[in-house]
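Here, each number is a calculation from the coordinates, and none is a lab measurement. This is a predicted model, so every value here is computed, not measured. All Cβ positions, glycine included, derive from the backbone under ideal geometry; neighbour counts span all protein chains shown.
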Amino acid sequence: MSNSEHLATVMVNAFIDAVERGVDLVPVVADSTSTAKISPFMKQFPDRLVNVGIAEQTLVGTAVGLSMGGKIAVTCNAAPFLISRANEQIKVDVCYNNSNVKLFGLNAGASYGPLASTHHSIDDIAVLRGFGNIEIYAPSCPIECRQIIDYALEHLGPVYIRLDGKALPELHDADYQFKPGAVEQLREGDDVALVAMGSTVHEIVTAAAQLADLGINAAVINVPSIRPCDTAQLLTMLKNSRHVITVEEHNVNGGVGSLVAEVLAEAGCGIPLLRLGIADGSYAIAADRKEMRAHHGIDAAGVTRSATALCKGA
């Protein structure tokens with residue numbers, strides 16, 4: 001793995017490169033220039049940034065207007081405020097009208113830690129999976145993030161990209177090729193399949209190594225593409241495992257856990273499934289990221305503990 005990099009930095013560099021190669025791109029922020037780390041773009045292209053102030057509904061409406069004028073409009077602000085405050089505008093103006101808008105949900109999950117539930121975005125995937133006509137991605141590392149962004153800027157239609165708020169190390173090398181819908185198996189194993197999206201993929205990579213030391217063979221499956229998702233490919237990766245565990249910094253309902261449950265149920269598989277995340281009916285605790293993940297059992301140690309109990313029938 002290489003040095004860690006913040007995914008918002010990857011995003012901004014992708015925007016700069018896109019404009020330099022002729023893409024008519026306009027970022028829209030809601031007083032979120034710091035969150036978006038957009039300063040390098042502003043310095044290079046001062047006339048291309050639109051700041052609507054703290055007004056998320058206006059943010060999305062402005063992006064839609066820009067897209068109607070032929071621009072590639074990208075929104076860059078915190079996921080909890082984008083999804084909750086501009087919910088109707090995303091549903092109607094972006095999705096229903098098939099607007100060519102790219103929504104970037106920054107500092108997703110519980111990235112804001114101690115700022116608590118008002119600033120946590122643990123329902124964004126669930127909400128957007130309930131909307132029609134929007135592609136949904138959750139990159140797990142800088143290389144994957146950059147390729148997803150490059151794809152999104154070329155794709156015609158609505159896209160949501162969930163970006164973690166912390167710097168992440170690489171999981172891929174330069175030969176990696178992102179493909180919309182594709183599911184990726186990072187490690188093979190038939191005792192238990194560990195499935196995650198976004199930053200929690202790093203937790204299951206570590207957990208799988210810990211489980212190997214305990215004599216448990218764990219498969220590691222990365223789902224960066226929530227919609228579209230090659231569910232046949234995902235089922236092939238899951239069906240030879242004795243158990244399946246999903247891990248996400250998201251409510252257990254509506255995210256990758258629900259996606260896997262649907263795939264297994266619709267295929268008539270009787271494989272035991274454990275969904276790890278923020279429990280039904282609760283919120284992520286207000287705490288440092290490390291403490292929060294440990295509390296909810298979605299850190300590597302918690303995943304290892306749950307997988308061991310599941311595999312040994314405890």
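Under the simplified labelling scheme, the Ala212-Asp150 pair shows an inter-label distance of 2.9 nm, with each label point 7 Å from Cα along Cα→Cβ. Helical content alone sets the calculated 222 nm signal of the chain at -10500 deg cm²/dmol, taking -39,500 (n - 2.57) per DSSP H segment of four or more residues and averaging over every residue.
Taking every DSSP beta bridge that has both residues in the chain, what percent is antiparallel when rounded to the nearest 5? Once the DSSP bridges in the chain are tallied, antiparallel ones form about 20 percent. Under the simplified labelling scheme, the Asp190-Leu115 pair shows an inter-label distance of 4.7 nm, with each label point 7 Å from Cα along Cα→Cβ. Segment 161-177 and segment 276-302 have Cα centres separated by 22 Å. Extension gain, Asn253 to Leu235, is 4.5 nm, computed as 0.36 nm per intervening residue step minus the present C-alpha separation.
Please state, rounded to one decimal and in Å, the Kirkwood hydrodynamic radius that segment 197-298 gives when every pair of distinct Cα atoms enters the mean of 1/r. Display every interim value, and only then the final one.
On the way: mean 1/r = 0.0696 Å⁻¹.
Every distinct Cα pair counted, the radius reaches 14.4 Å.
If you wrap the Cα atoms of segment 197-253 in a convex hull and average its projected area over all directions, you get 4.4 nm². Compared with the alpha-carbon gap, the fully stretched path from Ala287 to Ala267 is longer by 3.3 nm at 0.36 nm per residue. Under a no-solvent Debye model with one identical scatterer per Cα of segment 129-201, what's log10 I(q)/I(0) at q = 0.14, 0.22 Å⁻¹? Taken in order of the listed q values, log10 I(q)/I(0) reads -0.49, -1.10.
Each label point was placed 7 Å from the Cα along the Cα-to-Cβ direction; for Arg242 and Asp31 their separation is 5.6 nm. When the chain is treated as a GNM with alpha-carbon contacts under 10 Å, the residue of Ala63, Ala265, Ala209 showing the greatest mean-square fluctuation is Ala265.
Computed from the C-beta positions of Asp175 and Val23, the FRET efficiency with R₀ = 22 Å rounds to 0.30. The separation of segment 72-104 from segment 183-241, counted between C-alpha centres, amounts to 30 Å. Could you identify which residue out of Ser140, Ser282, Ser225 has the top mean-square fluctuation in a GNM of the chain using Cα springs shorter than 10 Å? Checking each option, the largest mean-square fluctuation is seen for Ser282.
Where does the longest stretch of the chain lie that holds no trypsin sites (Lys or Arg not before Pro) found in a DSSP loop with 11 or fewer other Cβ atoms within 10 Å? Don't jump to the answer; show the numbers that get you there.
Details: sites that count: Arg21, Lys312.
With a cap of 11 other Cβ atoms within 10 Å, the longest stretch comes to 22-311.
By the equivalent-ellipsoid construction on the alpha carbon gyration tensor, segment 1-148 comes out with semi-axes of 21, 20, 15 Å, ordered largest to smallest.
Give the residue list of chymotrypsin sites (Phe, Trp or Tyr not before Pro) in segment 148-240 that are DSSP loop and have at most 14 other beta-carbon atoms within 10 angstrom.
Details: sites: Tyr151, Tyr160, Tyr176, Phe178; in loops: Tyr176, Phe178.
The qualifying sites are Tyr176.
Based on the Cβ-Cβ distance from His295 to Asp47, what FRET efficiency comes out when R0 is 45 Å, to the nearest 0.05?
Working: r = 46 Å, r/R0 = 1.02.
Efficiency computed from Cβ-Cβ geometry: 0.45.
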